Amino acid sequence: MARVRQQPPTDPDGSDAVLALTVRPWAPAALNKHVRLVLGDAECAARDAVWVEISYGLEDAPLTWLRHILQVDSWRLAEQIQQLLSGDTPYATWRSGCPPALLMARAGDDDAQGNPTYQLTLQLTASALTDGGPRDGSAITFALDRIGGEELLRFGEALDRELRQALEHQWPATTLTGAAASGLEINTFSNRVNAAAYDSLGTDYSHDYLAEPFFREAFEGWLGMLPAGGRALEIGCGHGIPIAATLAAAGQRVTGIDPSAQMIAEARLAVPGQDIRQLALVELEETNAFDGACCFFSLLCMDPIELRIGLERLHRALKPGAPLLIVSGVPDQFTRTSPLRSVQGRTTWEWPYDNEDMAAVLTSGGQWQVAAQALRFYDTDTLKQIEATSLDQLAADPRYLPSAEMSDPLEFATGKRIVKGVYALVACRSAGV
């Protein structure tokens, strides 16, 4: 991880607090080359952006911990820092078309050895973290003072290297011996928002996935891969209807997990005698325990960092060769904006991974083999299915490009027709990995 700290103060009467900033790059914002990322008043290609984990505060005692998006394309932080250290410029700015901005300048104080020190300010847009919408111009700022030149350069070199690795899907290794050891904050922002929303909704949230032929076909195909009387895991089981209940009726021994206390209480009533737990996927501790797992739209509720750690936990929990069914959707096939959305009047956290995102996450580490995928696209203007078999084919249709002519005022304002996609993906845990 890229880390920078300020030097201890030289004033004996001043504060002895030492602040530190850590940026750990994790995951691309999207893989599909057609997807745009909208942050604040700007946009960029989503595959040129990376989700990062940021901690800031007293050294070894962070006061703030959050996840955010950084645009990476054409950014070379170390090069900017070298120009600052050589005196070629009094300040350096690391920014692009999309936020954030990283500002660096020569500080007024030298260190104890008389060497110059530097200031660093990281400014993030808050639109990706608040409910203000994609045009919200508010910002979050982190600042450090009295940074040594060598330390600042090491920070820039590490961040350049790790951002590139994240774009190539080489995310940090995690330990499986507990959340604290992995550096993962279980009680994340996305987890808190969704738990509060679904605690409030309870049984008012109702969606019979198995009533839809596309979802039922995927579910029945996956169920046929499980052994009779096997152990089946549902991730994001909600109130247990219909998936957990159907699995139990089919003779499977069901484990259902969900972060919402209210949903779990109702699931225990709806599916009695089964193993129903209030648990996030990233907290799962079993090893070689399940014959299969399924999730219907629940992985959308995890931020990209949680998703990768959660899938690693899931890989450990499944038996070798066990099938995983992922059924999910993309609210807008070609745009990623603020992850906060509304479900039945409650604010929820969703990040729209499409099938390319999910398949790449599963296959990049060699831990999963993607066995089958199925896609459906819908035009939300006509509510009809679009006859396209791939994202590339859909993007080539001029009706769904930003330059398409719009007749409806809302379509004209957004610049394109809105396409929703749903997909079903089956992956099997690789043996021996």
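FYI, it's all coordinate maths here, none of it is from the lab. Values in this document were obtained by computation on a predicted structure and should not be read as measured data. Cβ atoms come from the backbone with ideal geometry, glycine included; neighbour counts cover every protein chain shown.
General remarks:
- Using the Cβ-Cβ distance between residue 344 and residue 157 with R0 set to 30 Å, the FRET efficiency works out to roughly 0.05.
- Taking 58, 37 and counting other C-beta atoms within 10 Å, the order from fewest to most: 58, 37
- Estimated distance in nm for a label pair at residue 18 and residue 145, the labels positioned 7 Å out from Cα along Cα-to-Cβ: 1.8 nm
- Put a dot 7 Å past the Cα of residue 385, heading toward its Cβ, do the same for residue 364, and the two dots end up 3.2 nm apart.
- The distance from the alpha carbon centre of the range 295-334 to that of the range 361-378 is 10 Å, rounded to a whole number.
- Between residue 249 and residue 61, full extension at 0.36 nm per residue minus the direct alpha carbon distance yields a gain of 62.7 nm.
- Note on residue 106 and residue 169: their simple-model spin labels are 4.7 nm apart, each label 7 Å out from Cα toward Cβ.
- Among 270-279, 299-308, sorting by the average number of other beta carbon atoms lying within 10 angstrom of each residue, highest first, gives 299-308, 270-279.
- When only Cα pairs below 8 angstrom with a gap of at least 6 residues are kept, the range 234-355 shows a relative contact order of 22 percent.
- Computed lengthening from residue 86 to residue 316, 0.36 nm per intervening residue step minus Cα-Cα distance: 77.9 nm
- Residue exposure sequence - 52, 72, 193, 18 - by fewest surrounding Cβ within 10 Å: 18, 193, 72, 52
- Positive contributions from Lys and Arg (+1) and negative ones from Asp and Glu (-1), summed over other residues with Cβ under 13 Å from the Cβ of residue 241, come out at -4.
- FRET efficiency estimate (nearest 0.05) - Cβ-Cβ, residue 93 to residue 208, R0 51 angstrom: 0.45
- In the range 342-392, the C-alpha radius of gyration followed by the widest Cα-Cα span (Dmax) gives 14.9, 40 angstrom.
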